Amino acid sequence: MEIKIIFDNYNINREFIPGWGFSCLVDQTVLFDTGEKSEYLFKNMKNLDVNISRIEKVVISHDHWDHTGGLCDLLKKRKGLEVYGCPGFSRKFKEEVKALKGNLILAGKLTMIKDDIFVTGEIAGEYNEVFLPEQALFIKRKKGIIVITGCAHPGIIKIIKKIKENFPKIKINLVFGGFHLMSKDNREIELIAEKFKELGIKKVGPTHCSGYEAQTIFKRNYKDKYIQMAAGKTFNI
């Protein structure tokens with residue numbers, strides 16, 4: 001199964017526009033988040049030879065501009081797309097998706113959206129002391145579970161534990177995306193990296209809002225099992 005990083009703070013080369021936000025495509029059919037701006041999203045899709053007509057579902061991790069920026073223009077191109085959000089998303093988000101003929105599905109709990117591809121459903125988090133619901137995407141593979149996070153506002157460990165509660169016997173092979181550790185001090189990040197090891201997570205790819213310090217610490221802990229994420233990167237799981 002192929003994963004393409006469509007948008008990120010980093011890029012593999014100048015063909016791909018970087019910026020603040022995140023988006024990736026799973027199995028050519030499931031888009032996770034849409035970055036900060038549709039212009040950047042579509043440009044990077046074109047350079048990755050993404051066929052927009054093949055996209056069937058869009059999962060939005062949380063209702064922030066840097067993850068929803070390309071959604072409205074995508075829905076204009078692909079009416080009827082299934083859009084997975086959380087029940088706690090804003091009324092504005094819900095009304096815009098419906099107005100653009102998107103098939104809005106509010107995942108309050110763990111939901112399989114396609115064979116072996118799941119959303120965690122709404123997990124309570126906060127941003128600037130305000131309630132912020134978020135969900136993650138994960139994929140079951142023979143080598144283990146792949147977890148993709150948008151910003152992990154509820155806490156990256158909390159998200160991982162929720163997945164493990166539902167699939168306790170399956171190992172987690174890779175966790176990548178935004179870990180939201182920019183405001184954490186190095187000691188707290190070290191403890192989180194150690195917890196990753198305790199939870200048996202084999203590979204990591206912190207990016208976007210994870211922060212330079214977190215990337216440095218995880219890279220030191222995971223060495224060759226650390227995967228650098230960037231717009232334009234393609235890999236198989």
Mind telling me which of the residues LYS79, LYS92, LYS98 ends up being in contact with a Leu (Cβ under 9 Å, 6 or more places away or on another chain), farther than 25 Å from GLY232 by Cα, free of Cβ contacts under 8 Å to residues at least 12 places away in the same chain and surrounded by fewer than 19 Cβ atoms within 10 Å (Cβ to Cβ)? LYS98
Can you give me the number of residues within the stretch 20-72 that are under 25 Å from ALA124 (Cβ atoms) and among the basic types (Lys, Arg)? 1
Of (1) in contact with a Lys or Arg (Cβ under 9 Å, 6 or more places away or on another chain); (2) in a helix (DSSP H, G or I), LYS46 fails just (1)
Looking at (1) exposed (fewer than 15 other Cβ atoms within 10 Å of the Cβ); (2) under 20 Å from the mean Cα position of the chain (by Cα); (3) farther than 16 Å from CYS151 by Cα, can you tell me which one LYS197 breaks? (2)
Looking at the stretch 166-173, is at least one residue surrounded by 17 or more Cβ atoms within 10 Å (Cβ to Cβ), under 20 Å from PHE32 (Cα atoms) and touching a residue at least 60 places away in the same chain (Cβ under 8 Å)? yes
Scan the stretch 184-194 and give yes if some residue there is within 18 Å of GLY150 (Cβ to Cβ) and either in contact with a strand residue (DSSP E or B) (Cβ under 9 Å, 6 or more places away or on another chain) or among the small types (Gly, Ala, Ser) (or both), otherwise no. no
Look at the stretch 1-43 and say how many of its residues are assigned to a loop (DSSP other than H, G, I, E, B), over 18 Å from VAL83 (Cα atoms) and of a type in the set (A, V, I, L, M, F, W, C). 5
Residues of the stretch 152-201 being more than 18 Å from ILE139 (Cα to Cα) and touching an Asp or Glu at 6+ places or on another chain (Cβ under 9 Å), which ones? HIS153, PRO154, LEU181, MET182, LYS184, ASP185, ASN186, ILE189
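Where a number appears in this text, it was derived from the coordinates with a stated rule and is not lab data. All values derive from a computational prediction rather than experimental measurement. We place every Cβ from the backbone using ideal geometry, glycine too, and count neighbours over all the protein chains shown.
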